[in-house]
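A short worksheet on the structure shown next.
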Amino acid sequence: MESDAETSSVDGKALFPLYTITFIGTLGFGIILTFLVFLVTKYGGNALVYGILASTYPAFQLIGAPILGRWSDLYGRKKILLLSQIGTLIAWVIFFVALFFPITPLIEVRSELLGVFTVTLPLLALFFARALDGITGGNVSVANAYLADLTSEEERNKNYGRMSVASNLGYVFGPALAGILGTTVYGELLPVSVALLISVIGTLIVLILLPDSRPCTLEEYPEPTGIRKVLGQEQKECYQVEAGSKITFLEIFRLEYIPFMLVVYFLIFLGFNIYYTAFPVFAVVALEWNPAELGIYFSVISILMAFVQGPVLSKLAKRYWESILVVTGGFILGLQFILIIPGNIFLLYLAAGCFAFGNGIMWPSILSILSKFAGKKYQGSVQGFAMSASSLASIIGLLAGGLLYTQLGVISFLIAAVIIYLAVLLSFRLVKIEKARIEGMAVEKISDETSRNN
């Protein structure tokens, strides 16, 4: 039996191509995040249409992510990452071509509930591009499983932190690029062209630089038993799910603690996506920001978050339990939604700091805990279903964000805060689980020492 055991703990250089892919993926998304709301308005849409367009990606990702996660367990992470990157590349080509379509009205809507908007030909093409990107958008779940394949449990939180840094650097430069390039005479054409080029580079990196990673095959699957198998104590051999054995949605829900984690996942993404729809509209309508100002704001958040998820998280992870970081980070994250409501510029940037610190210590810890619950056996499948939970939350959140802001204005941020605090309340269970694990390990250590002395 060939084993990947020697790759269970690797340094940052070995993971550099993976970090680069993550950076490139969020760089492209950071570019589109900044000017998409302006593009939707230009092509006849409103806040609701923006929410629907934003939710198109996660809606189709909900379908594609579990399949791609499962395939990555069977056929290897690299092949599926390559498939995902090619899908993103084609989607950007369609997005680019849509900018040259005439603004031809197809459907006009005038409603008290939905507002006034027009579905035009280029708007329809943008929907198709986002749908294609979504259906092949399992790259995040596969990348998370890939990292879990290559790193030891002790190093996992730190390496997820590094991946989050790479991700947030994409959000630093993406909005900044979109803000700068979007103000030229070429309008949205230049930032979309850059995003397309970035996607080509990402595809080449997967094809040329990224080594394949697939867990090895075992005749028997040892089942985890007891609390010591929950957080960081599962067997450390690698696994491969056999082609004839499929894990279903119901089987995923029978795995210990996985349903609970998927609920937490869902709530966090639900709160996030209400914000992600409502805030750009709030910035354009209430604050009267332009693309450059919105890009600067998102870049500031990402710069701060990259710092938090780098040196700050590295130090905190050595001193505090992951569950404590989840609870503390979630509380601070919820606070930022409340600080946005007055619209004061000082409070807005204070909210950016809370967003960066709260999310910066919470999210890598959530990813690390989930990977430990999943174990090597179902890593790709569980990550795929987690991505589905986040996609479902994104669909609901993005649609709700547009509707809520249309009907309630800034109260939509308060609703997002309540949802995040509900996730924080549930996360106290993680503290109990981790405490029980540590106590179990201490008892086991004493028992082992007693046995050796006897």
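The values are calculated or read from the model by the stated rules, or taken from the named source; none is laboratory data. These figures come from a predicted structure and were not determined experimentally. So basically every Cβ, Gly included, is an ideal-geometry build from the backbone, and we count neighbours across all protein chains shown. For the accessible areas, the whole protein counts, side chains as well, though only heavy atoms, and no ligand, DNA or RNA atoms are used. Shrake-Rupley method; radii C 1.70, N 1.55, O 1.52, S 1.80 Å.
First compute the accessible area of the range 347-435 with a 1.4 Å probe, then give the percent of it belonging to carbon and sulfur atoms.
On the way: 2030 of 2620 Å².
After summing per-atom areas, the C and S share lands at 78 percent.
Please give, to one decimal in nm, the separation of the simple spin-label points placed at F428 and T183, each 7 Å out from Cα toward the Cβ.
It works out to 4.8 nm between the two label points.
Could you calculate the FRET efficiency of E288 with Y75 from 1/(1 + (r/R0)^6), where r is the beta carbon distance between them and R0 is 45 Å, rounded to 0.05?
Values: r = 50 Å, r/R0 = 1.12.
Between E288 and Y75 the formula returns 0.35.
Within 10 Å of each candidate Cβ there may be at most 16 other Cβ atoms; applying that plus a DSSP loop requirement, which GluC sites (Glu not before Pro) in the range 286-383 survive? Please list the in-between numbers first.
Working: sites: E288, E293, E322; in loops: E288.
Of the GluC sites (Glu not before Pro), the ones in loops of the range 286-383 whose Cβ has at most 16 other Cβ atoms within 10 Å are E288.
How much length, in nm to one decimal, is gained on full extension between V200 and L113, taken as 0.36 nm per residue of separation minus their Cα-Cα distance? Write out the running numbers ahead of the final one.
Details: separation 87, 0.36 × 87 = 31.32 nm, distance 4.13 nm.
The span from V200 to L113 would gain 27.2 nm if fully extended.
Put +1 on the Cβ of every Lys and Arg and -1 on every Asp and Glu Cβ in the range 70-191; which of L123, V142, L106 then has its Cα farthest towards the positive end of the dipole?
Projecting each Cα onto the dipole axis, the largest value belongs to V142.
Hey, what's the range 8-122 come to in accessible area per residue, 1.4 Å probe, Å²?
Numbers: 4730 Å² over 115 residues.
Spelled out: the 1.4 Å probe surface of the range 8-122, per residue, equals 41 Å².
List, in order, the whole-Hz ³J(HN,Hα) value for each residue of the range 202-210 obtained from phi through the Karplus relation with A = 6.51, B = -1.76, C = 1.60 and θ = phi - 60°; use x for Gly and Pro.
Going residue by residue, I get x, 5, 5, 5, 4, 5, 9, 9, 7 Hz, with x marking Gly and Pro.
Tell me the carbon and sulfur percent of the accessible area for the range 285-341, rounded to whole percent, probe radius 1.4 Å. Write out the running numbers ahead of the final one.
Working: 1780 of 2560 Å².
Exposed carbon and sulfur together represent 69 percent of the surface.
Provide the net charge surrounding T56, with neighbours chosen by a C-beta distance below 11 Å and charges set as Lys +1, Arg +1, Asp -1, Glu -1.
Result for the neighbourhood of T56: 0.
In what sequence, highest mean first, do 48-59, 359-370, 408-419, 309-320 appear when ranked by Cβ atoms within 10 angstrom? Mind showing how you got there, number by number?
Working: 48-59: 24.1, 359-370: 26.5, 408-419: 19.1, 309-320: 16.2.
The packing order, highest mean first, is 359-370, 48-59, 408-419, 309-320.
Sticking with the crude label model, points 7 Å out along Cα→Cβ, report the distance from K315 to I345 in nm, one decimal please.
3.1 nm
Of the accessible area of the range 39-78, with the probe set at 1.4 angstrom, what percent is carbon plus sulfur?
Working: 880 of 1200 Å².
Exposed carbon and sulfur together represent 74 percent of the surface.
Would you kindly derive the ³J(HN,Hα) couplings of the range 91-101 from the backbone phi angles with the Karplus curve 6.51 cos²θ - 1.76 cosθ + 1.60 (θ = phi - 60°), listing them in order in whole Hz, with x for Gly and Pro?
Rounded to whole hertz, the list is 4, 5, 4, 4, 4, 5, 5, 4, 5, 9, 6.
How do T26, T328 stack up against each other in accessible area, from largest to smallest, with a 1.4 angstrom probe? Can you show the working numbers first?
Details: T26 15, T328 60 Å².
Highest to lowest solvent-accessible surface, that is T328, T26.
With the contact rule set at Cα under 8 Å and sequence spacing of 6 or more, what percent relative contact order holds for the range 261-405?
The value is 44 percent.
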